[in-house]
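The values are calculated or read from the model by the stated rules, or taken from the named source; none is laboratory data. Note that the coordinates shown come from a computational prediction; the quantities given were computed from them, not determined experimentally. Every residue, glycine among them, receives a Cβ derived from its backbone with ideal geometry; neighbour counts consider all protein chains shown.
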Amino acid sequence: MADELAQGSGVASRQPSAERPAGTRRVGSRNALLSCAVLVLFCVPLTYPVLTTYSYTLQIMTTAFMWIALASSWNIIGGYAGYISLGHNVFLAAGAYFAGGVFAYQGVSPFIMAPVAGLLCVLLGTLVGAITLRTSGPAFIISTIALMLIARILFDNWDYLGGSNGLSVPLLDLETGLIKVPFYYGMLLCAIGAVYLSYRVRHSKFGLGLRAIAEDEVKAEVAGIDTRAYKIAAFALSGFFIGVAGALWGYSLFYLRPEAFLTLAVAADMVLMAIVGGRATVAGPVIGAILIVAFNEISVSQFGNSEINLAITGVLLMGALLFFPAGVVGALRERRRLPRILDWD
Amino acid sequence: MALLELDDVRAGYGSGPDILNGVSLQVQESSTSCVIGPNGAGKSTVLKAIMGLVDVRGGEVSVGGERLTGQRPDQVLAHGVCFVPQDRSLFPEMTVRENLSMAGYSLGRRRKAEARIDEALDAFPVLAERRSQRARTLSGGQQQMLALARAWILKPRLLLVDEPSMGLAPQVTKQVFDVIRRFRALGMTVLLVEQNARQGLECSDRGIVLDLGRKRFEGAADSILTHPEVRELYLGKQRERHGNGAAP
Amino acid sequence: MTNAIQIAVLGVLLGGVYALMASGLTMIYGVMQIINLAHGAFMIVAAYVAFFLYRDSGIDPFLSILITAPAFFVAGLIVYTLLFSRLVDSPRFGEMTVLLSFGLALALEGSLGAGFSGIYHRSDVSYSTSTWDIGSIFIPKGQAYGFVACLGLFGLLWAFLNLTRPGYAIRATMQNRGAAQVVGVNVTRISTIAFGIGAALAGAAGSLMSFLFTFHPAAHWQWIALLLSLIVVGGLGSLAGVFVAGIGLAVVAAFATDWLSPTWSYLTFYLALFIVLLVRPQGLFGKAATI
């Protein structure tokens, strides 16, 4: 990115003509390509009459969008700020149960409540972050795990919300063929929102501060950055789109159970995607989410929905950490082979 | 004969830039040399490079003709090199005696270590009084003494001391340098790094001036002390203060 | 309302076992600053081993410790050398190792699940159901034996750390890694050995687990969360801390479970963790700073 800009200004100074500098032109074409891709995604559900695997296609793409949102959000605290949270699925559960509960008891659609769920999660993140972010490093990671397990116990025993037996949520009133469509669009918007948030954070002074914290917190503090405020803000912000996604996902399941959200395997997936794709980059979690979702599909079709998937997830995570710590995006960037279309940093 | 030889050594931390950019120096056997220079010059890094605590990326380090480059700290220790770090690196929860005992870890045999520990306590009465005290309860000066006493036990060929006066009051600093003079009197080869250039050079035979990872000047300690350019750059223009500036 | 002494006794017996389980975890952290999230999974694997040894070969779980501990020691050496030691120079060491151990835990859970399915197991030894009756208190034999075994193992650990040369080196490294290097300890080798010992302790704990608790592949998450809470409350790297915290919290949990509800058997630990983080982050016996 910096190369492009430098080159751009260089060309401009050599040729004071009306021609736009090569650098900005490339950024422009990248953005145009991405916009086209997004447009295509918006049009996919319109293939209803034509596509035979319609339901399945929508389902898997919706899942991919959700994980893109989750991984990109996690990346704000886990990637940019370097604070690994293994309990981020608490936001998922909070969003799901909030929207689901409101729908079951008050009849307001989760599609409307989703943004509210997101805001609730931001509030939750601020409160929780204020406590857990008093620690750093290993103690922080441990506290996020404990948090998630406390939440699990809480929801398992919260009879108003169904407890461990679960809460059933009214079905969406649409013909079975089209029932996935609203969720598709909902998650797509959620994913776009999350990635956009990640992008804006990355390119802001706030994001720079977070990365300084990740590199050397003491130096960041000394340089005048209010590390505590920044960390809490990052933690809280990362909860928004996860809460939104939770509201939508819970609704799409039509049945909420704590064990669907509050297991370490779900947390593992968020982390895995961000790392495999490239932590602390904007495009990384997106790539990671797509790869892992695709991989899971293949794996499930080969081995069935068994524990082998879990084992493979573990092995993948270890492999990524040992051999590709910078992830796909990071590794490509190091070798200077990162295609412009993926360079969103 | 040169006991310690650094030949065009380049070194740095982890994946960071080179701190030492080709440092060559020699320390003659039984002599004391002091490395001075501004902050960030790489003075401590020289000692760490010798000890194997930092990646040596180029050049050679040898002691007594034996190549030390790239060896682990415990291997370097086995060659007779002892390092007293800037932070003293004591074991906070262990007593003075236990700390000395740990120093004898590399000596292997229990009895040999015990004898040396007693010897060290005799040589450092300040520590003998506090032999059952936990190291973290000692004052800064006492901790430095303990760190040096550990080296005493090992009777190394080459003693590396990193900023012994750091954080210590002038009175205590004098005591610390007295200890270093004792090592020197025993014929030990000492390489010292000091921020307090005046005091460091005053108990040394030779001085080495380092800046930005390179050697700038080298010479007899008192000639460095009086060299006008060096004085201005690193010692600061100073009037004679009471007690300072006199010969050791 | 059951006798308070009864509850306390049960709590102490349980706490001793928890303390042993957590001892390996805290030691590994103390020596090389690695949070091993796979520690629970090691225990579960060992529990399976002990279970099958009992079921198929009649080897009593206590005796199986003689097999599991050495086997896991070796496994620990291998795991550290192949996996963790590669990350030593990495700039984000703390995170990377946690995530690595996380991946390892998942891999182990998945393998166990694939191999043995999710059926709950527990070794059915004669003493797990019998008790001694002393007045109005009954002491379950299995748990009492387990507690004694834990004390014994703790004693062995103490002896190793305080009376042997490698133990000395480990203690030194735990107190100040840099200082240990400077006095000639080969910290890489010592870290490997320490990891092996930590794994061996997990192996021994797993043998005890096989008859004391029901276990299944996914159970390690509950265990690791509990143990992590213990080591933070006790003070990261402190063996004394883990002992005190283990017994203390187990007693509190026992009372809470009796007065309130069964969920408090775990909740106590998580809440204690949060309280400690708020009030005294370095734990009971942790050090706030070093020289």
Residues that are away from every other protein chain (no Cβ under 11 Å), exposed (fewer than 14 other Cβ atoms within 10 Å of the Cβ) and not hydroxyl-bearing (Ser, Thr, Tyr), drawn from the range A:296-323: A:ILE298, A:VAL300, A:GLN302, A:ASN305
Subset of the range C:59-118 [among the polar types (S, T, N, Q), within 30 Å of A:GLU215 (Cβ to Cβ) and under 19 Å from the mean Cα position of the chain (by Cα)]: C:THR97, C:SER101
Qualifying residue in the range A:308-323 (condition: touching a helix residue (DSSP H, G or I) at 6+ places or on another chain (Cβ under 7 Å), within 28 Å of C:GLN222 (Cα to Cα) and not in a helix (DSSP H, G or I)): no
Filter result for B:LEU47 (outside the structural domain of B:GLY167 (by TED's automatic domain parsing) and of a type in the set (A, V, I, L, M, F, W, C)): no
Residues that are outside any helix (DSSP H, G or I) and either free of Cβ contacts under 8 Å to residues at least 12 places away in the same chain or of a type in the set (D, E, K, R) (or both), drawn from the range A:251-302: A:ARG257, A:ARG279
For C:THR68: the one exception among (1) over 24 Å from A:ALA265 (Cα atoms); (2) touching a Leu at 6+ places or on another chain (Cβ under 6 Å): (2)
Some residue of the range B:53-70 being within 19 Å of B:LEU192 (Cβ to Cβ), touching a residue at least 60 places away in the same chain (Cβ under 8 Å), surrounded by fewer than 21 Cβ atoms within 10 Å (Cβ to Cβ) and within 14 Å of chain C (Cβ to nearest Cβ): no
Identity of the residue in the range A:160-196, β-branched (Val, Ile, Thr) and either surrounded by 21 or more Cβ atoms within 10 Å (Cβ to Cβ) or within 25 Å of the chain's Cα centre (by Cα) (or both), that ends up farthest from the other protein chains (Cβ to nearest Cβ): A:VAL181
Lone unmet requirement of (1) at pLDDT 85 or above; (2) surrounded by 18 or more Cβ atoms within 10 Å (Cβ to Cβ) for A:LEU264: (1)
Residue selected from the range C:150-169 under the condition over 19 Å from B:GLU98 (Cβ atoms) and without any contact (Cβ under 8 Å) to a residue 40 or more places away in the chain, by the criterion farthest from the other protein chains (Cβ to nearest Cβ): C:GLY152
Residues that are farther than 20 Å from A:ALA236 by Cβ and either in contact with a Lys or Arg (Cβ under 8 Å, 6 or more places away or on another chain) or away from chain C (no Cβ under 14 Å) (or both), drawn from the range A:106-159: A:GLN106, A:GLY107, A:VAL108, A:SER109, A:PRO110, A:PHE111, A:ILE112
Filter pass, A:PHE254 being in contact with a Cys (Cβ under 9 Å, 6 or more places away or on another chain) and either aromatic (Phe, Trp, Tyr) or closer than 21 Å to A:LEU342 by Cβ (or both): no
Candidates C:VAL74, C:VAL98, C:VAL79, filtered to the one that is among the β-branched types (Val, Ile, Thr), in a helix (DSSP H, G or I) and at the interface with chain A (Cβ under 7 Å from one of its Cβ atoms): C:VAL98
Qualifying positions in the range A:33-61 - touching a residue at least 40 places away in the same chain (Cβ under 8 Å) and aliphatic (A, V, I, L, M): A:LEU33, A:LEU34, A:VAL38, A:LEU41, A:VAL44, A:LEU58, A:ILE60, A:MET61
All helices (runs of 4 or more DSSP H) inside the range A:26-142 with 3 or more residues being of a type in the set (S, T, N, Q) and crowded, with 23+ Cβ neighbours inside 10 Å: A:54-75
Residue that is nearest to C:PRO140 (Cα to Cα), among those in the range C:23-53 that are among the small types (Gly, Ala, Ser), part of a helix (DSSP H, G or I) and within 12 Å of chain A (Cβ to nearest Cβ): C:GLY40
Some residue of the range B:17-39 being over 20 Å from the mean Cα position of the chain (by Cα), among the small types (Gly, Ala, Ser), more than 14 Å from chain C (Cβ to nearest Cβ) and closer than 21 Å to B:GLY219 by Cα: yes
Tally, over the range B:101-127, of residues that are under 22 Å from C:GLY30 (Cα atoms) and either touching a His at 6+ places or on another chain (Cβ under 8 Å) or not hydroxyl-bearing (Ser, Thr, Tyr) (or both): 2
Any helices (runs of 4 or more DSSP H) falling wholly within the range B:85-140 and containing at least 1 residues that are within 11 Å of another protein chain (Cβ to nearest Cβ), closer than 17 Å to C:ALA179 by Cβ and among the acidic types (Asp, Glu): B:96-103
Qualifying position, being farther than 24 Å from C:PHE84 by Cα, modelled with pLDDT of 90 or more and not hydrophobic (A, V, I, L, M, F, W, C), among C:SER128, C:SER136, C:SER210: C:SER210
Test set (1) under 14 Å from B:ARG214 (Cα atoms); (2) free of Cβ contacts under 8 Å to residues at least 60 places away in the same chain - B:VAL35 fails condition number: (2)
In the range B:139-167, residue surrounded by the most Cβ atoms within 10 Å (Cβ to Cβ) [restricted to those that are touching a residue at least 60 places away in the same chain (Cβ under 8 Å) and touching a Ser or Thr at 6+ places or on another chain (Cβ under 6 Å)]: B:ASP162
Criterion violated by C:TRP132 - all others in (1) closer than 25 Å to C:ALA250 by Cα; (2) among the aromatic types (Phe, Trp, Tyr); (3) in contact (Cβ under 8 Å) with a residue 60 or more places away in the chain satisfied: (3)
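Any residue that is at the interface with another protein chain (Cβ under 8 Å from one of its Cβ atoms), within 14 Å of C:ALA107 (Cα to Cα) and surrounded by 17 or more Cβ atoms within 10 Å (Cβ to Cβ) - is there at least one of those in the range A:324-331? Outline the logic, then answer.
Step one: of the range A:324-331, the residues at the interface with another protein chain (Cβ under 8 Å from one of its Cβ atoms) are A:325.
Filter once more, so that each one left must be within 14 Å of C:ALA107 (Cα to Cα): none.
No, the range A:324-331 contains no residue that is at the interface with another protein chain (Cβ under 8 Å from one of its Cβ atoms), within 14 Å of C:ALA107 (Cα to Cα) and surrounded by 17 or more Cβ atoms within 10 Å (Cβ to Cβ).
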